[in-house]
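The values are calculated or read from the model by the stated rules, or taken from the named source; none is laboratory data. All of these numbers come straight from a predicted model, not from anything done at the bench. Using ideal geometry, Cβ is built from the backbone for each residue, glycine included, and neighbour counts are taken over all protein chains shown. Just so you know, the surface numbers come from the protein's heavy atoms only, side chains and all, with ligands and any DNA or RNA stripped out. Shrake-Rupley method; radii C 1.70, N 1.55, O 1.52, S 1.80 Å.
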Amino acid sequence: MAELSDDVLEEAAHRGETLLVEDLVSLAERAHDDEPGIERDRLTTYAEALAERRDVDFDLQAFDKGVADRLTDAETWTDRDRLYELGDGRLSLYPAEWHAALGGSTDVAEYIAFLERDAPEFVLDRGTAEVGPGIPQQKLLDIVAVVGRVDRETARAALADARDAGEVVEDADQHPQAGVYLRDEAETYRDGTLDG
């Protein structure tokens, strides 16, 4: 039986009925950071463990169907509702190309430059509820944590370091979906109507 993280199980159980397929994949990917992605067998073992708990309403069949419906073998970004097969029975929220180019890195500026240059489909596929330029802060932190194979606090610290070093700009950083972009793009995104 695959080794499981108690932290992943507790966080997943805490989310209860609001737990989505991508949530469990993200939690599992970040907890098992030795290689890109998460083994499908281990993900299944997590789902089975959640289904066995009495304190969680978890539909194992719906989860399995959700994974199967989202799987793609595309190596580049297709859309936000996909799980990417990385090979060797591993899958991820992000395509193999991203793991190959950025895997293990926490250089936030490098992530932004890569996404804008090599993954414009992702930049355009941010969703209609998000506003403003750049990569939404929470999505950027998710990507850095999963692809960089670090915990979320390390990703958050890397973002703060990049901001403090003047490499990136973050609009209204108290907003959870504040856009983060490279410093040299600041003039492009600046609202000239605010000038007196």
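Rounded to the nearest 10 degrees, what's the angle between the helix 21-31 long axis and the longest principal axis of the chain, both from Cα atoms, 0 to 90? Result, in degrees: 80. For the chain, the longest principal axis of the alpha carbon atoms and the long axis of helix 152-164 meet at an angle near 10°. DSSP bridge analysis restricted to the chain gives an antiparallel fraction near 85%, rounded to the nearest 5. Around the Cα centre of the chain, unit charges on the Cβ atoms of Lys, Arg, Asp and Glu (plus for the first two, minus for the last two) sum to a dipole of about 200 debye. Considering only Arg42, Arg117, Arg82, the mean-square fluctuation computed in a Gaussian network model of the chain, springs between alpha carbons under 10 angstrom, is largest for Arg117. Per atom type, region 1-98 shows carbon and sulfur on 40% of its accessible surface, probed at 1.4 Å.
The mean accessible area for residues of the chain, using a 1.4 Å probe and ignoring ligands and nucleic acids, is 53 Å² per residue.
Only Lys, Arg, Asp and Glu carry charge here, each on its Cβ (+1 for the first two, -1 for the last two); on that basis region 44-137 has a dipole of about 160 debye about its Cα centre.
Scalar couplings 3J(HN,Hα) for region 61-66, obtained by applying the Karplus form with A = 6.51, B = -1.76, C = 1.60 to θ = phi - 60°, are 5, 5, 5, 4, 5, x Hz; x denotes Gly and Pro. In the chain, the calculated helix contribution to ellipticity at 222 nm averages -14500 deg cm²/dmol per residue, counting -39,500 (n - 2.57) for every DSSP H run with n ≥ 4. Going by alpha carbons, how many degrees (0 to 90, nearest 10) lie between the helix axis of 108-118 and the longest principal axis of the chain? With rounding to tens, the tilt is 90 degrees.
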